[in-house]
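To start, I am sharing the structure in question, which I have written as structure tokens.
Just so it is clear, none of the values below were taken in a lab; they were calculated from the coordinates. The shown structure was predicted, so the numbers you read here are calculated from the model rather than taken from an experiment. Methodologically, a virtual Cβ is constructed for each residue, glycine included, from the backbone with ideal geometry; neighbour enumeration extends over all protein chains shown.
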Amino acid sequence: MAASTNLLEGPALILHLPPVLELSAEQFFYFCQSNRDLRIERTAEGDLVIMTPAGGRSSARNAAVTTQLTTWAIQDGRGVAFDSSAGFNLPNGATCSPDAAWVLRSRLTLLTPEEKEKFLPLCPDFVIELRSPSDELRTLKGKMQEYLDNGAQLGWLIDPARRRVFVYRPGQDVECLEQPPEISGDPLLPGFRLTLGAVWEPGL
């Protein structure tokens, strides 16, 4: 049964499934399709993480980030940008939906048409997670490390409340930027500059 649309942004609900209810990648995809009002992720252990739709300010911030990434990706042409509705089946068995992501086109061409229609069986090359008021920072930091462990080459964790950006790169310490007006994606995303004014102040 589809979830109610009368939901407010709040903490994620975690459902622990016993082994007898383990879902295959295809079953999980169709489970999510039957509950489109919710954003559902799956941990490597098989737990379901159910999140309600974003609040207005979080959504506006997300739109500002995704728009800039998509505009750059179209001009650059080497890869494809994705918004928060995209699901990725990571090598460790988790299924995640970063707030924004980018994947090299050369990797996407290796997928079958059927694979492209479902959650993509890969980890993005670049991911962005945008902290909402209900998100625990520790949980998001763990999620960012999971992306790196599964093949991501760059990750940004943006914390609007404190105007900080945590930068994740393989084999390097996490870098924390305080109140940056913009952040550069070089060298992985040459020429991409994410302007953060609309993230710090979304206009509503």
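Going through Arg61, Arg131 one at a time, which residue ends up being crowded, with 18+ Cβ neighbours inside 10 Å, within 13 Å of the chain's Cα centre (by Cα) and basic (Lys, Arg)?
Working: Arg61 fails: within 13 Å of the chain's Cα centre (by Cα).
The match here is Arg131.
For the range 71-94, give me the residue count where each residue is surrounded by fewer than 17 Cβ atoms within 10 Å (Cβ to Cβ), under 18 Å from Met144 (Cβ atoms) and among the hydroxyl-bearing types (Ser, Thr, Tyr).
Count: 0.
Can you name the residue in the range 156-203 that is part of a loop (DSSP other than H, G, I, E, B) and of a type in the set (Asp, Glu) and, of all such residues, is surrounded by the most Cβ atoms within 10 Å (Cβ to Cβ)? Before you say what the answer is, go through the steps one by one.
Of the residues in the range 156-203, the ones part of a loop (DSSP other than H, G, I, E, B) are 160-163, 169-174, 179-181, 185-192, 196, 201-203.
Applying the additional criterion that residues be of a type in the set (Asp, Glu) yields 173, 186, 201.
On the way: Asp173: 8, Asp186: 10, Glu201: 13.
Residue satisfying both the conditions and the ranking: Glu201.
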